[in-house]
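Asks: To start, I am sharing the structure in question, which I have written as structure tokens.
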Amino acid sequence: MSMYDVLRSRYTFACPARGETHVALSSFRRLVRLPGAAHPAVYRVEFACTCGEEHVGLVADDDLDWAPLGLAGGTFLNLMTSTFDAGADELAEVSAQRIKGGEWPWSFFCYPEERARPVFPSSFALLAPGGAAVGVAVRCPACSRVSVNLVSPEHLDLPFHNDPHVGVVEHVFDGEMLPALGDFRADLYSSAFDYRRLALE
Ligand SMILES: [Zn+2]
Ligand SMILES: [Zn+2]
């Protein structure tokens, strides 16, 4: 059974207080890829639970990146080259068509490369909400450097819902030495950084 609920766009985790909890991607706070297993890769996720506490859960990359699209791991490989497998469900079909049509479920603005890039949730390293926005530190799949964007929660939680403009922090973060979540959040919403609003399209 998938740990992702496509109807509610929520990941399912264990909660010590409630037994089970359902959290959106924008409630994730820190993702760290665990050393070892590559297929699937496993991520340690710290998330803000609806009970008010933060907990830790483990997610395989399939669940993290593909389940929100209704796609099973590896489907993408066929996707770009051939027809989509018969028997795929409706969500998978729609996701496949949109990707083939050039839409990408998630994207961000890579500050060092000065361009928008497609991305998957497994490339998100730190997330810190502040007011209506969520600050997200993204490790670029193309250049491996870390950029921070300010986006709407929907930009994260709803695949193919991309903010037309995002806030881009004018600073390249050290991918090996990311700040602690508390420091990241404090810096982000103080005057420590300048940022520009840039178009993702
Ligand atoms: Zn909880
Ligand atoms: Zn990049």
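The values are calculated or read from the model by the stated rules, or taken from the named source; none is laboratory data. The structure displayed is predicted, hence computed values, not measured ones. Every residue, glycine among them, receives a Cβ derived from its backbone with ideal geometry; neighbour counts consider all protein chains shown. Note: accessible area is taken over every heavy atom of the protein model, side chains too, but ligands, DNA and RNA are not part of it. Shrake-Rupley method; radii C 1.70, N 1.55, O 1.52, S 1.80 Å.
Asks: Please go through the range 6-24 and pick out each residue that is among the aliphatic types (A, V, I, L, M) and either touching a Phe, Trp or Tyr at 6+ places or on another chain (Cβ under 6 Å) or within 8 Å of ligand 1 (Cβ to nearest atom) (or both).
Replies: Listed by number, the residues that qualify are Ala17, Val23.
Asks: With respect to Pro141, is the statement that it is in contact with a Leu (Cβ under 9 Å, 6 or more places away or on another chain), open to solvent by 30 Å² or more (accessible area, probe 1.4 Å) and not polar (S, T, N, Q) true?
Replies: no
Asks: Out of all the residues in the range 21-29, is one or more away from ligand 2 (no atom under 16 Å from the Cβ) and either part of a loop (DSSP other than H, G, I, E, B) or among the acidic types (Asp, Glu) (or both)?
Replies: Checked the range 21-29: at least one residue is away from ligand 2 (no atom under 16 Å from the Cβ) and either part of a loop (DSSP other than H, G, I, E, B) or among the acidic types (Asp, Glu) (or both).
Asks: Given the conditions (1) loosely packed, with under 15 Cβ neighbours inside 10 Å; (2) not in a loop (DSSP other than H, G, I, E, B); (3) not aromatic (Phe, Trp, Tyr), and given that Val134 satisfies all but one, which numbered condition is not satisfied?
Replies: (1)
Asks: Let me ask something else about it. Filter the range 23-41 for residues that are over 25 Å from Ala180 (Cα atoms) and in contact (Cβ under 8 Å) with a residue 12 or more places away in the chain and give the result.
Replies: Selection gives Pro40 alone.
Asks: Moving on. Looking at Val32, is it aliphatic (A, V, I, L, M) and closer than 21 Å to Leu69 by Cα?
Replies: Considered against the rule, which asks whether it is aliphatic (A, V, I, L, M) and closer than 21 Å to Leu69 by Cα, Val32 comes out as no.
Asks: Another question, if that's okay. If the requirement is being closer than 27 Å to Tyr11 by Cβ and free of Cβ contacts under 8 Å to residues at least 40 places away in the same chain, which of these qualifies: Pro159, Pro179, Pro164?
Replies: Answer to the selection: Pro164.
Asks: Could you run through the range 35-66 and say how many residues are in a strand (DSSP E or B) and exposed (fewer than 15 other Cβ atoms within 10 Å of the Cβ)?
Replies: 8
Asks: Could I ask something else about it? Please work out which residue is farthest from ligand 2 (Cβ to nearest atom), limiting yourself to the range 141-161 and to residues that are in a loop (DSSP other than H, G, I, E, B) and out of contact with any helix residue (DSSP H, G or I) (no Cβ under 7 Å at 6 or more places or on another chain).
Replies: Among those that are in a loop (DSSP other than H, G, I, E, B) and out of contact with any helix residue (DSSP H, G or I) (no Cβ under 7 Å at 6 or more places or on another chain), it is Leu158.
Asks: Output yes when any residue across the range 152-164 is open to solvent by less than 10 Å² (accessible area, probe 1.4 Å) and closer than 30 Å to Ala96 by Cα, and no when none is.
Replies: yes
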